[in-house]
Amino acid sequence: MDEVILATTNDLPGYEVVEVYGEVFGLIVRSRNMFSNFGASLRTIFGGEVGGYTKLLSDTREQALERLRSEAAEKGANAVLAMRFDSSDIGGIMNEVAAYGTAVRVKKKS
């Protein structure tokens, strides 16, 4: 698969949009194991960063981006504009991360 450019902006400097394919998203839901959740609960008492959750969320965002790029490429896009993240908690034990935006085909301006 060719690289799909991701941009949080509505346009891409130096490129022009030649086709719009519409909304695309990459979604992932993850949970930590019971022992990690217990450790994180203790961390809320004593304070400080919960490193396991930081890594989990970082990895989850990266996987959501991979899925976003894949869905965009399947539609024929080579870029996603106005890319955003959304995250929510499910039942206090799972985290959902969605990366979404508008799939487009761009070409370099001459």
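Any read-out appearing in this document is the output of simple, stated calculations on the displayed coordinates, not a laboratory observation. Because the structure is predicted, anything quoted here is derived from the model rather than measured. Cβ sites come from the backbone with ideal geometry, for glycine too, and all protein chains shown count toward neighbours.
If you take the Cα centroid of segment 77-102 and the Cα centroid of segment 1-30, the two points sit 13 Å apart.
A full extension of the chain between residue 55 and residue 88 corresponds to an added length of 10.2 nm, given 0.36 nm per residue minus the alpha carbon distance. Less than 13 Å from a label point 7 Å out along the Cα-to-Cβ axis of residue 31: which backbone N atoms in segment 49-92 qualify, by residue? Under cut-off, by backbone N: 90-92. When the listed pairs 75/107; 55/107; 75/108 are checked against a 27 Å cut-off, the alpha-carbon distance exceeds it for 55/107. Rounded if a/c is under 1.5, else prolate if a/b beats b/c, else oblate: with a ≥ b ≥ c from the C-alpha gyration tensor eigenvalues square-rooted, which is segment 54-110? Prolate shape, in that a/c is at least 1.5 and a/b is the bigger ratio.
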